[in-house]
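Notes to accompany the following structure.
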Amino acid sequence: MSMTATGVLARLAVRRDRVRLTVWLLALAALVGSTASAIEGLYATPAAVAENAAIRASSVVARAFTGPATGGNVGALAVAEALVFTCVLAALMNVLTVVRHTRQNEELGRAELTGSTAVGRHAGLAAALLVAAVADVLLAGVCAVALLANGLPVAGSIAAGAAIGASGLAFAGITAVAAQVAEGARAAIGLASAALGLAYLLRAVGDATGETGPDGMTVTAAWPSWLSPIGWAQRFEPYGDQRWWPLALFGLFTAATLGLAGWLSAHRDVGTGMMPVRRGRTRATRSLRTPFGLAWRLQRGTLLGWLVGVAVFGLAFGGIGDQVDDLFGSEQSAELMRQLGGGGSLVDAYFAAMMGLMGVVVAGYTLQALLRLRGDETGGPAEIVLATAVSRTRWLVAHVLVALAGTVLVLFALGLGTGLAYGVVAGDLTAAVGDLLVTTVAQLAPTLVLAGFVVAVFGLVPRAAVALAWAAFAVCLVVGQFGALLELPEPLIDVSPFSHLPDLPAQALTAGPVAAMAGLSVLLLALGAVGYRRRNLTLH
Amino acid sequence: MTAIEVDGLVKTFGDTVALDRLDLTVHTGEVHGFLGPNGAGKSTTIRVLLGLLRKDSGRATLLGGDPWRDAVALHRRLAYVPGDVNLWPNLTGGEAIDLLGTLRGGLAEHRRRELVDLFDLDPGKRMRTYSKGNRQKVALISAFASDVELYVLDEPTSGLDPLMEAVFQDCVRDLRDAGRTVLLSSHILAEVEKLCDRVSIIRSGRTVESGSLTDLRHLTRTSISVETAAPPDGLAGLAGVHDVAVDGHRARLEVETERLPDVHRHLAGLGVRSLTSTPPTLEELFLRHYGDQPAGAR
């Protein structure tokens, strides 16, 4: 039986993931719920709600980034604000879960061990999908409850939950296929994430080029949305027309991907993919033979992805810069923008808000690069490398330098892309590029503080380092994005170093905060380095 | 001259005592077997000697220096192969060999070429696609191609097939002939018997035996399973024979190694039809000698 012992493996997966998945579910429910409650607070009157829905429908950028509202009520606005984003995160949860219980198990040799027992050929894949599916059903439930808790209508809340859960499930199916095709676990995550990026992009194009309805608030998406599972999720139209047929579409799609994955998995060997493995050099180049060269080599692929990503985002942000006055011209959205991006002209506030948010997002790259140190330590090459004539300090410095140099490049690419596109549409290339480069590169200062924190926890409390690092990142992101909106208390907002940077380009860059942040980060980096030199390695 | 001198080494992880006053002496120019069952503390000892872990108390000297304080300087003079080789999945084996060798202070080019051939490694494949044995080969080639004084090998043959084990043994003999020091941790007694001048046996973080192999002969017993033409009587009465079980014309027994000639003579008189003899595993040895005694007599 090809499915024998699926239940046992699924229980094992649940046992391994009980905390991880619980955090995912609660965080996504909290995101959905807090968005709904923020919207309710921001737009007090039905007229204000309708006006905002109309603005979203008339703004190409809002349609492209988050999708339009599904009608003129609070729930419909919450959907416009959060549905697409939550669907993307739900998809990501499924990508990581399915790869973790399929290819990662194979890569670490666990699948070989379990596969040699009375376990069916497809049991590993089936167990991973079973766990993902259960998580998706629960996700749909908790998201619906979070919306209901805000007093939103029952049917719409269930439809929104179903949309989120269903797009998660669709990506469990896509990942199942990617896991058969890709070279290894990381490649499988990359492949499935690329599919997710494409799905987001297709629906962005579909929504941006769609037709505005007669009410001026809703939008009928153009055909590219139909190629994207996230586009299908939007077709539920919660709190609007409310449709249920997308469930059938998701059912068919998921069944098809699972069938394909099952067929592919019967035609490949454990531990290998369907794509041919490229041969590489038989000798190391001179530049690879130093800790710095090695760290660079290990980072450059990820870095390239980030550079392309932020450049595309930058071009999109910058390209609509000249329409900001039209898009956010209404009193309320201008007010919203100023809360996020500081005073000054609306365009400046827009760029301050967008680049401020992207600055935190880019810090995600910095963390990812720095945490490689930790990954290399537990069951990685650090043991053998640190038994060569490489000191711990040199090893640490190489990784930190590469991570920070990469961060500068990413911020630079973001500023350049945004500046070029805005310069072209606004007709003043030099000023636009100059202003936006300063805006984005200035984000390096708070990023340094976050990087210092990561190195400090890595040096002092290695076992908790990964969790603490991402928790700090989440705090910065939430405070940065929702702090002003949710009217969080000042001391809480001040926890994020990103709150201490002036709202460039709306405000002027001052030396004080930058110097303070630089000093603090040097202190933290030194603390981490000393801790790392003095402690035991925590090898497996 | 001693290459490694460890005296009363203690290392704890929380409540777990990994090393409990461990002693170890490795003379310069010898191949020293470091034996113990899984979890005895072999890897922990080695990691303290490499300055990867910090000792709690006791004395540890490596090549005349302090393993923690002088780590980098000492590491130029040694090569280390861990039991579990996890390198960079997207680097090729050839790149990893060069990288590790260079970080250690340089590779002997002709030796590298020779070893890649001897170990039959395809250096153009990415590490992620290698089997455990091939990953082990990458670390071994990089270590053996480094011209250093001390080689620290932590269970280096797990995952190697018998052919490659023979290549490995040749390499270690070459090192001994060249006057290098080798610390070879293992739980396979046969491997240690073939290669080592002296051995230390540890259990639960403590040294239980140390000396030359001849000194430790009294620890080893050979298991014999025999089928004879005449009923196998009188075996139990022989000196150095234990645990005799007779079933018709078949018998199973355990013999102290130095008594083997007497037992062979006796069996020959009975007309041997088939005979297999297996050296005892280290675990059996431990069970017999220390099994009734709590770990480290604590």
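The values are calculated or read from the model by the stated rules, or taken from the named source; none is laboratory data. If you're wondering where the values come from, they're calculated on a predicted model, not measured in any experiment. Every residue, glycine among them, receives a Cβ derived from its backbone with ideal geometry; neighbour counts consider all protein chains shown.
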Residue pairs, Cβ under 6 Å, 6 or more apart or interchain, first in the stretch A:184-197 and away from chain B (no Cβ under 14 Å), second at pLDDT 85 or above and assigned to a helix (DSSP H, G or I). List them. A:LEU191/A:ALA178; A:ALA192/A:VAL95; A:ALA192/A:ILE174; A:ALA192/A:THR175; A:ALA192/A:ALA178; A:ALA195/A:ILE174; A:LEU196/A:ALA91
If we keep only residues of the stretch A:274-300 that are within 18 Å of A:LEU409 (Cα to Cα) and facing another protein chain (nearest Cβ under 8 Å), then the residue farthest from the chain's Cα centre (by Cα) is A:ARG297
One residue is enough: does the stretch A:31-52 have a residue meeting the conditions assigned to a helix (DSSP H, G or I) and in contact with a Phe, Trp or Tyr (Cβ under 6 Å, 6 or more places away or on another chain)? yes
One residue is enough: does the stretch A:187-210 have a residue meeting the conditions charged (D, E, K, R) and closer than 26 Å to A:VAL49 by Cβ? yes
Just the residues that are touching a strand residue (DSSP E or B) at 6+ places or on another chain (Cβ under 8 Å), within 10 Å of chain A (Cβ to nearest Cβ) and more than 23 Å from B:LEU62 (Cβ to Cβ), please, taken from the stretch B:123-158. B:PRO123, B:GLY124, B:LYS125, B:ARG126, B:MET127
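Closer than 30 Å to A:ALA176 by Cβ, assigned to a helix (DSSP H, G or I), within 17 Å of the chain's Cα centre (by Cα) and of a type in the set (A, V, I, L, M, F, W, C): is that true of A:VAL84 in this structure?
yes
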Which pairs do you get when a residue that is buried (at least 17 other Cβ atoms within 10 Å of the Cβ), found in the stretch A:260-271, comes within reach of a residue that is of a type in the set (Val, Ile, Thr), reach meaning Cβ atoms under 8 angstrom, with the pair 6+ apart or on two chains? A:ALA261/A:VAL177; A:LEU264/A:VAL177; A:LEU264/A:VAL181
Any chance the stretch B:56-73 includes a residue that's at the interface with chain A (Cβ under 8 Å from one of its Cβ atoms), over 30 Å from A:THR272 (Cβ atoms), touching a residue at least 24 places away in the same chain (Cβ under 8 Å) and not charged (D, E, K, R)? no
Looking only at the stretch A:513-532, count every residue that is surrounded by fewer than 16 Cβ atoms within 10 Å (Cβ to Cβ) and in contact with a Gly (Cβ under 8 Å, 6 or more places away or on another chain) and tell me the total. 3
Looking at the stretch A:237-246, can you tell me whether even one residue there is over 30 Å from A:THR70 (Cβ atoms) and either more than 28 Å from the chain's Cα centre (by Cα) or within 14 Å of chain B (Cβ to nearest Cβ) (or both)? no
All helices (runs of 4 or more DSSP H) inside the stretch A:352-443 with 2 or more residues being within 14 Å of chain B (Cβ to nearest Cβ): A:372-377, A:382-385, A:392-426
From the set of residues in the stretch A:27-41 that are touching a residue at least 60 places away in the same chain (Cβ under 8 Å) and surrounded by 20 or more Cβ atoms within 10 Å (Cβ to Cβ), which is farthest from A:VAL119 (Cα to Cα)? A:ALA36
Positions within the stretch A:198-216 being buried (at least 16 other Cβ atoms within 10 Å of the Cβ) and touching a residue at least 40 places away in the same chain (Cβ under 8 Å), in sequence order: A:ALA199, A:TYR200, A:ARG203, A:ALA204, A:VAL205, A:ASP207, A:ALA208, A:GLY210
Considering only the stretch B:87-105, state which residues are more than 7 Å from chain A (Cβ to nearest Cβ) and among the β-branched types (Val, Ile, Thr). B:ILE97
Assess whether A:VAL181 counts as being over 20 Å from A:ILE55 (Cβ atoms) and either surrounded by 23 or more Cβ atoms within 10 Å (Cβ to Cβ) or not assigned by TED's automatic domain parsing to the domain that holds A:ARG372 (or both). yes
Across the stretch A:6-26, the tally of residues that are under 12 Å from A:THR114 (Cα atoms) and surrounded by fewer than 19 Cβ atoms within 10 Å (Cβ to Cβ) stands at 2
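When you go through B:GLU191, B:GLU155 one by one, which is the residue that is in contact with a His (Cβ under 9 Å, 6 or more places away or on another chain), more than 25 Å from A:SER391 (Cβ to Cβ) and not aromatic (Phe, Trp, Tyr)?
The conditions single out B:GLU155.
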State which residue is nearest to the other protein chains (Cβ to nearest Cβ) when the search covers only the stretch B:108-122 and only residues that are hydrophobic (A, V, I, L, M, F, W, C) and in a helix (DSSP H, G or I). B:VAL116
Give the residues of the stretch B:148-196 that are of a type in the set (Gly, Ala, Ser) and either in a helix (DSSP H, G or I) or under 21 Å from B:GLU5 (Cα atoms) (or both), sorted by residue number. B:ALA166, B:GLY179, B:SER185, B:SER186, B:ALA190
Restricting the search to the stretch B:42-55, which residues are out of contact with any helix residue (DSSP H, G or I) (no Cβ under 6 Å at 6 or more places or on another chain) and at the interface with chain A (Cβ under 10 Å from one of its Cβ atoms)? B:SER43, B:THR44, B:ILE46, B:ARG47, B:VAL48, B:LEU49, B:LEU50, B:LEU52, B:ARG54
Exactly one condition in (1) modelled with pLDDT of 85 or more; (2) crowded, with 17+ Cβ neighbours inside 10 Å; (3) more than 26 Å from B:VAL6 (Cβ to Cβ) is false for B:GLY205; which is it? (3)
Please indicate, with yes or no, whether at least one residue in the stretch A:86-94 is surrounded by fewer than 19 Cβ atoms within 10 Å (Cβ to Cβ), β-branched (Val, Ile, Thr) and more than 30 Å from A:ARG268 (Cα to Cα). no
Among the residues of the stretch A:107-136, count how many are more than 16 Å from A:ALA261 (Cβ to Cβ), of a type outside the set (A, V, I, L, M) and part of a loop (DSSP other than H, G, I, E, B). 3
